Amino acid sequence: MITLRPYKDSDWKAITDAVEPFSPLLPSDSFMDISKRSVAVTGVEDGEIMACGGITFTTNEEGLVWVKVSTKCGQNGYTWARAIREVFTALMDSIAELQVSTYVVDNFCKGDRLAKMIGLKNTGKFQEYKGNKYYKYTAVT
């Protein structure tokens, strides 16, 4: 059974077997104290942190979606996908008129599907980061 709780800054590092996380344009060190400027939750199953994510307020008008998911979520993929979609629907509903975006590495099909599942669309714009191309996905809530 999946339970949700408020995100803690230590949750990001607790997921050591992650699928490629969203928003690599914020290095992992930047996730320290992220909860101070985010709406975020952590998903736990059988006492283990399996996923965390949220929306970080980058300005008064913009937010950046970030997600980190354990590869173990694939064992119960449908349930986790539905839970992630429901959580992000609630998060985006809670932030009113904020412009919400994320970045997905080129040719990362799971990231593309997850972004689309939570209501983000590929803008065709991209940025280079550490030798990889990351496409920007955006939604207006």
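List the residue pairs whose Cβ atoms are under 8 Å apart, where the first residue sits in segment 108-128 and is at positive phi, the second is not in a strand (DSSP E or B), and the two are 6 or more positions apart or on different chains.
119/88; 119/89; 119/92
If residue 60 satisfies all but one of (1) polar (S, T, N, Q); (2) exposed (fewer than 13 other Cβ atoms within 10 Å of the Cβ); (3) at pLDDT 90 or above, what's the number of the condition it fails?
Failed condition: (3).
State yes or no: is residue 81 of a type in the set (A, V, I, L, M, F, W, C), without any contact (Cβ under 8 Å) to a residue 12 or more places away in the chain and surrounded by fewer than 21 Cβ atoms within 10 Å (Cβ to Cβ)?
No, not satisfied.
Name the single residue that is modelled with the highest pLDDT among those in segment 1-41 being part of a strand (DSSP E or B) and touching a Cys at 6+ places or on another chain (Cβ under 9 Å).
This residue is 41.
Among the candidates 67, 44, which residue alone is at pLDDT below 90, within 21 Å of residue 83 (Cα to Cα), surrounded by 12 or more Cβ atoms within 10 Å (Cβ to Cβ) and in contact with a Ser or Thr (Cβ under 9 Å, 6 or more places away or on another chain)?
The conditions single out 67.
Filter segment 74-101 down to the residues that are under 23 Å from residue 8 (Cβ atoms), within 14 Å of the chain's Cα centre (by Cα) and not polar (S, T, N, Q) and list them by number.
If the condition is that a residue be under 23 Å from residue 8 (Cβ atoms), within 14 Å of the chain's Cα centre (by Cα) and not polar (S, T, N, Q), then 80, 83, 84, 85, 86, 87, 88, 90, 91, 92, 100 are the ones that fit.
Name the residue that is surrounded by the most Cβ atoms within 10 Å (Cβ to Cβ), counting only residues in segment 92-132 that are in contact with a strand residue (DSSP E or B) (Cβ under 8 Å, 6 or more places away or on another chain) and among the small types (Gly, Ala, Ser).
Filtering first and then ranking leaves 115.
Given the conditions (1) in a strand (DSSP E or B); (2) closer than 24 Å to residue 2 by Cα; (3) at pLDDT 90 or above, which single one is not true for residue 82?
Failing condition for residue 82: (1).
The values are calculated or read from the model by the stated rules, or taken from the named source; none is laboratory data. This one's a predicted model, so the numbers in the text were calculated from it and none came from an experiment. In this analysis, Cβ positions are derived from the backbone assuming ideal geometry, glycine residues included, and neighbour counts consider all displayed protein chains.
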